[in-house]
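A quick write-up on the structure given underneath.
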Amino acid sequence: MRTLRDSNHEVVGLDLLDSPFTTDVGSITDRSCIRRCMSGVQTVLHAATLHKPHVLTHSRSDFVQVNITGTLNLLEEAVTAGVDSFVFTSTTSVFGDALVPPAGAPAVWLTEEVTPIAKNIYGVTKAAAEDLCRLFHRNEGLACIVLRTSRFFPEEDDNREMRETYSNDNLKANEYLYRRVEIEDVVSAHLLASRLAPTVGFRQYVISATSPFLPDDLPDLRANASLVVRRRVPDYEVEYNRRG
């Protein structure tokens, strides 16, 4: 919203909570609200979701209602409104247990070709929402791009063991090795997707920080990750020590 406003786009910001970047307070589960907000819209950036931390606080039916039915509401109203581009903010969490290889196997090299294996209701509903985007492109001609984003949120890690073992800054720095992305890159990916969707049609992309590793590193990564980090980023220990 900040970027779009700064570039003089006319924007509709729908959110459950009021904020300086919210123009309409409401839910994507409210069909009449969606219809009202969609009037005259050319591009939809769909980032509304219940996400992984909500697994502990919300029911499975809540996830279905928001992540699947809410997405369906947006897609149907986007078709009715004649929207040019629909960009869905998905997550690398859809890969689920596909990210955890069997004992003794090399680490996983993650690309768009990896088949997801959902491990919770969050992954199931995000994958289902992706399938809805594919369906609406195929059957309704709606240009849809799915962006499977790595972590970019500022909140503390949702894994208590990780929070108790490492500081928040330490965790987030380490995540750039394999599961994080700068929010600026997430924003630019969405803007590119919205502009190119009519040409691309339908695609799914992983949006993540560039890995310092290579596929040849996968066996060692699983057995001795610090060895591989030392190989690819030789000065990392000095820098980590300097920063405490």
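Can you work out which of the residues in region 80-118 that are among the charged types (D, E, K, R) and part of a loop (DSSP other than H, G, I, E, B) is nearest to residue 201 (Cα to Cα)?
The selected residue is 84.
For residue 152, work out the one condition from (1) touching a residue at least 12 places away in the same chain (Cβ under 8 Å); (2) farther than 21 Å from residue 208 by Cβ it doesn't fulfil.
If we test residue 152 against (1) touching a residue at least 12 places away in the same chain (Cβ under 8 Å); (2) farther than 21 Å from residue 208 by Cβ, just (2) comes out false.
Give me the helices (runs of 4 or more DSSP H) completely within region 141-207, filtered to those with at least 2 residues that are at pLDDT 90 or above and of a type in the set (Gly, Ala, Ser), ordered by residue number.
183-200
Could you say whether any residue in region 61-69 is under 28 Å from residue 113 (Cβ atoms), not hydrophobic (A, V, I, L, M, F, W, C) and not in a loop (DSSP other than H, G, I, E, B)?
yes
Only one residue in 178, 205 is touching a strand residue (DSSP E or B) at 6+ places or on another chain (Cβ under 7 Å) and aromatic (Phe, Trp, Tyr). Which one?
205
Looking at 41, 55, which one is in a loop (DSSP other than H, G, I, E, B) and on the phi < 0 side of the Ramachandran plot?
Only one candidate passes the filter, namely 41.
Could you say which residue among 6, 24 is surrounded by fewer than 16 Cβ atoms within 10 Å (Cβ to Cβ) and touching a strand residue (DSSP E or B) at 6+ places or on another chain (Cβ under 6 Å)?
Checking each option against the conditions leaves just 24.
Going residue by residue through region 227-239, is there one that turns out to be part of a loop (DSSP other than H, G, I, E, B) and either surrounded by 14 or more Cβ atoms within 10 Å (Cβ to Cβ) or touching a residue at least 12 places away in the same chain (Cβ under 8 Å) (or both)?
yes
Just one of 196, 221 is among the aliphatic types (A, V, I, L, M), in contact (Cβ under 8 Å) with a residue 12 or more places away in the chain and surrounded by fewer than 16 Cβ atoms within 10 Å (Cβ to Cβ); which is it?
Answer to the selection: 196.
Give the residues of region 110-119 that are loosely packed, with under 15 Cβ neighbours inside 10 Å, touching a residue at least 60 places away in the same chain (Cβ under 8 Å) and not β-branched (Val, Ile, Thr), sorted by residue number.
Within region 110-119, 112 is the sole residue that qualifies.
Please state which of the following conditions residue 45 fails to meet, knowing it meets all the rest: (1) surrounded by fewer than 17 Cβ atoms within 10 Å (Cβ to Cβ); (2) in contact (Cβ under 8 Å) with a residue 24 or more places away in the chain; (3) under 26 Å from residue 183 (Cβ atoms).
(1)
Quick one: count up the residues across region 80-109 that are crowded, with 18+ Cβ neighbours inside 10 Å and farther than 29 Å from residue 58 by Cα.
Residues meeting the conditions: 3.
The values are calculated or read from the model by the stated rules, or taken from the named source; none is laboratory data. Computed from a prediction, not measured in an experiment: that's the story for all the values here. Neighbour counts run over all protein chains shown; Cβ positions are idealised from the backbone, glycine included.
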